[in-house]
Protein chains: 2
Amino acid sequence: MTDPSPVDARTVPAIERLTCVIPAGGVGSRLWPLSRANAPKFLLDLTGSGDSLLRATWDRLTPIAPADRIMVVTGSAHRESVEAQLPELLVENLVTESEPKDSSAAIGLAAAILELRDPDAILGSFAADHVIRGNVLFERAIRTAVQAADQGHIATIGIHPSHPATGFGYIESGAARGDLAPFDVYDVTSFVEKPDEQTARDYVEHGGFLWNAGMFIARATVLLDQMALAEPDLVRSLREIAAAWGTDQAASVRERLWHGLPKIAIDYTVAEPAAAAGKMVCVAAHFEWDDVGDFASVANLLTRGRGSDLAVLGDGAQVLSDASSGIVVSESDRLVALVGVEDVVVVDTADVLLVTSKAHAQDVKNLVTRMRVTGGGHLL
Amino acid sequence: MTDPSPVDARTVPAIERLTCVIPAGGVGSRLWPLSRANAPKFLLDLTGSGDSLLRATWDRLTPIAPADRIMVVTGSAHRESVEAQLPELLVENLVTESEPKDSSAAIGLAAAILELRDPDAILGSFAADHVIRGNVLFERAIRTAVQAADQGHIATIGIHPSHPATGFGYIESGAARGDLAPFDVYDVTSFVEKPDEQTARDYVEHGGFLWNAGMFIARATVLLDQMALAEPDLVRSLREIAAAWGTDQAASVRERLWHGLPKIAIDYTVAEPAAAAGKMVCVAAHFEWDDVGDFASVANLLTRGRGSDLAVLGDGAQVLSDASSGIVVSESDRLVALVGVEDVVVVDTADVLLVTSKAHAQDVKNLVTRMRVTGGGHLL
């Protein structure tokens with residue numbers, strides 16, 4: 001494990017040593033049948049902006065890091081889709097996985113590649129399929145986090161909760177770290193799982209709890225060394241793959257090692273142990289953030305600030321409704337007529353029609369799981 | 001008005017003088033988008049039997065009257081569809097209307113044609129778009145009604161209610177008419193409109209109230225003479241059209257007179273005045289009957305006696321659902337997935353998707369009315 005490097009050793013400013021890593025995995029089963037194996041959530045436009053979530057993520061990062069310092073980690077199957085969305089992405093910054101191995105492997109491999117390019121590289125990891133509004137506030141938070149990362153800390157971003165959400169994890173923040181920044185930086189006391197409603201209300205009233213936006217900013221080497229404490233074999237394999245990356249052996253080394261890697265989220269290999277060890281800080285931020293976990297979230301995103309509360313993703317002229325809530329996702333040119341139904345979720349695609357309610361939007365995942373077992377997998 | 005002919009004047013048995021008339025009009029707006037202008041309710045299969053309601057009506061009547069004594073009155077636009085459904089229908093028994101003029105004109109014209117063919121003709125009118133189960137009980141009731149009709153009465157059929165339905169009109173029955181049949185025949189005291197729930201419960205408890213199945217059995221001349229008391233001009237026009245029927249002048253006479261006919265239901269020109277005058281009798285019957293007025297009715301029809309309560313009209317293998325109520329009508333080959341929704345109505349057609357609830361099934365008509373005004377008429 002590398003100790004934090006002293007600031008005065010640096011000649012290149014920290015922000016110029018930042019590479020943004022976008023892990024683009026995860027189908028987003030709760031958004032089926034809009035999301036599919038070949039149309040994962042990060043390739044969807046869930047805001048009606050015309051851009052995929054991946055493209056919006058890229059555009060949010062380019063004011064912070066130039067195109068040659070943005071890296072995408074994705075499944076081999078999605079290579080072409082990602083390249084189509086991000087023509088500016090350098091080929092050496094497109095890292096493909098032969099099979100999904102969760103976020104420790106994906107982000108860890110990016111870190112291993114980056115530390116070989118520059119031992120002082122700083123890595124920022126940003127999900128490909130979240131929605132953020134308020135890019136100036138986002139940029140300010142990331143710049144603050146990069147400063148903390150340069151000091152050897154592992155930084156994350158915590159969002160001031162606007163309501164007692166039960167669908168997000170929370171960060172319990174501790175002492176303010178005025179030594180790292182004049183404001184907004186705190187120790188992380190712990191990460192807590194999605195709370196029940198009463199607990200969420202307590203968190204919001206208490207004020208010391210922030211939504212966990214799942215972002216990590218750290219020196220690549222610090223991140224890997226922290227991960228190695230929990231998963232030494234994983235990190236050894238990742239560094240071996242990274243050493244061969246860009247050479248003739250890249251494919252064969254990855255083939256040999258990747259399949260055996262453990263599937264484990266970076267929350268368990270890095271964030272939680274680092275917090276427990278007092279090495280984690282968070283930057284508290286006020287930008288709007290949503291991980292858009294299900295169609296209820298999509299509906300809430302779309303209706304924000306509009307007079308009518310029925311959300312429509314697609315051609316609104318094709319929807320006839322007396323409803324004042326719920327969401328219609330229209331991918332066909334059929335007329336969708338709603339009569340006397342509230343809080344309904346209607347997803348109209350070419351080969352599948354889903355009808356559920358906002359309250360049951362999470363249960364779509366169960367249906368997808370059931371279809372995997374009982375048939376219908378070709379529709380997933 | 002003709003007095004009832006004495007029974008002993010007859011040499012041909014009454015049942016052999018019966019012609020069944022099937023008025024096949026009415027789009028059935030509450031069943032949109034399954035029902036359309038060019039696919040009216042009577043052409044639909046709402047029971048999953050494979051037969052249209054019109055065809056099922058025909059098949060129910062042929063044990064009572066042979067094909068050459070079944071007449072259909074329908075709009076000119078539906079002529080070909082009706083002929084395709086009923087290849088046995090004689091061309092002289094297919095009466096077409098140049099525009100819809102409600103049941104007085106439709107049934108009255110049939111009666112006027114029949115009285116010219118045989119002054120002792122008996123007419124039985126049976127809707128083309130109701131569902132009946134228990135054809136033996138149906139046949140027995142009609143044979144009883146024909147006997148009463150032959151005596152000069154206007155007979156109707158009342159269904160013993162199985163539950164306090166609020167969607168049907170009721171017949172208040174009076175004294176038993178043992179002079180007409182040993183049992184099941186009663187005077188009609190009055191016809192009452194669709195009741196509220198408490199009234200419907202009172203009716204069922206009281207026992208003297210029957211569902212009005214909208215059937216009329218009478219001598220053609222008796223029916224027309226009764227109608228003439230309320231609408232003399234209408235009946236004069238109908239008899240003029242009938243006199244030209246089957247001649248070269250048929251089309252021109254109908255063209256000249258039809259457009260000016262009043263649009264009025266036979267309930268108001270015949271049934272209610274005849275009941276008030278003590279000329280109406282009803283045959284109380286126990287067969288199952290439903291006018292299938294909306295998708296909630298279709299759901300109730302389809303789920304009768306089945307383990308699961310989700311009704312499916314179409315290919316059940318295309319429906320994935322955790323619901324134990326409601327109805328899916330599938331006209332496409334798309335998968336329909338329901339998650340956590342109860343009592344929902346989903347109608348999936350090629351160009352329109354309707355989502356409503358059983359409780360709001362009647363409101364579909366309002367949407368159709370709105371579309372007629374605001375656009376979308378091509379989908380009606």
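Solvent-accessible area of residue B:211, all protein chains in place: 10 Å² (probe radius 1.4 Å, heavy atoms, ligands and nucleic acids excluded).
For residue A:342 and residue A:79 in one chain, what is 0.36 nm times their gap in residues minus the Cα-Cα distance, to one decimal in nm? Intermediate values should be presented prior to the final figure.
Numbers: separation 263, 0.36 × 263 = 94.68 nm, distance 3.99 nm.
Additional length available on full extension: 90.7 nm.
Note: relative contact order over chain B, using C-alpha pairs below 8 Å and six or more positions apart, is 20 percent. Computed over Cα pairs, the Kirkwood radius of the range A:7-290 leads via Stokes-Einstein (1.567 mPa s, 4 °C) to a diffusion coefficient of 68 µm² per second. Taking chain B as a Gaussian network of alpha-carbon nodes connected by springs under 10 Å, the highest mean-square fluctuation of the residues B:239, B:133, B:143 belongs to B:133. Summarising the label geometry, the points placed 7 Å from Cα in the beta-carbon direction at residue A:240 and residue A:370 lie 4.4 nm from one another.
Determine the share of the protein assembly as shown's accessible area contributed by carbon and sulfur atoms, expressed in whole percent, with a 1.4 angstrom probe. Display every interim value, and only then the final one.
Working: 15300 of 30530 Å².
C and S fraction of accessible area: 50 percent.
Please give the total accessible area that chains B and A bury against each other, computed with a 1.4 Å probe and expressed in Å² to the nearest 100. Walk me through the intermediate numbers first.
Details: alone 16430 and 16430 Å², together 30530 Å².
Summing both sides, the interface buries roughly 2300 Å².
The DSSP beta bridges internal to the range A:295-379 are antiparallel in roughly 35% of cases.
Per-residue SASA remark: residue B:309, around 80 Å² accessible (1.4 Å probe; ligands, DNA and RNA not included).
For the protein assembly as shown, taking Cα atoms only, Rg and Dmax work out to 36.9, 125 Å respectively. Separation of the range B:34-75 and the range B:13-33, taken as the distance between their Cα centroids, equals 8 angstrom. Subtracting the Cα-Cα distance of residue A:67 and residue A:250 from their residue separation scaled by 0.36 nm leaves 63.6 nm.
Secondary structure note: in chain B, about 50% of the DSSP beta bridges are antiparallel.
Ligands, DNA and RNA excluded, the heavy atoms of residue A:206 present near 130 Å² of accessible surface to a 1.4 Å solvent probe.
Amide H contacts of residue B:285 (H built 1.01 Å from N, in plane; Pro and chain starts excluded): B:158, B:159, B:160 sit under 5 Å, all sequence-distant by 5 or more or on other chains. Spatial offset of the range A:356-373 relative to the range A:214-287 amounts to 31 Å, using the alpha carbon center of each.
With 0.36 nm allotted per residue and the present C-alpha distance subtracted, the residue B:363-residue B:99 stretch has 92.5 nm of extension available.
If packing is taken as the average number of other Cβ atoms within 10 Å across a peptide's residues, how do A:268-281, A:31-44 rank, most packed first? If you can, show how the numbers build up before the last one.
Details: A:268-281: 20.6, A:31-44: 22.6.
Descending mean neighbour count gives A:31-44, A:268-281.
Connecting C-alpha atoms closer than 10 Å in a GNM of chain A, tell me which of A:131, A:352, A:328 has the biggest fluctuation. The residue that fluctuates most here is A:352. Listed by chain and number, the lysines whose alpha-carbon sits under 17 Å from that of residue A:41, ignoring those within fewer than 8 places in the same chain, are A:365.
Quick check: with the 1.4 Å probe, what order do A:357, A:162 take by accessible area, largest first? Don't skip to the end; give the middle numbers.
Details: A:357 20, A:162 95 Å².
Ranking A:357, A:162 by accessible area, largest first, yields A:162, A:357.
Scanning residues 5 or more positions from residue A:311 or on other chains, those with amide H under 5 Å from its amide H are A:326, A:327, A:328, with H placed 1.01 Å from N in the peptide plane.
The values are calculated or read from the model by the stated rules, or taken from the named source; none is laboratory data. Everything quoted here is computed from the prediction, not taken from an experiment. All Cβ positions, even for glycine, are placed from backbone atoms using ideal geometry, and neighbour counts span all protein chains on display. The accessibility values were calculated without ligands, DNA or RNA, using every heavy atom of the protein model including side chains. Shrake-Rupley method; radii C 1.70, N 1.55, O 1.52, S 1.80 Å.
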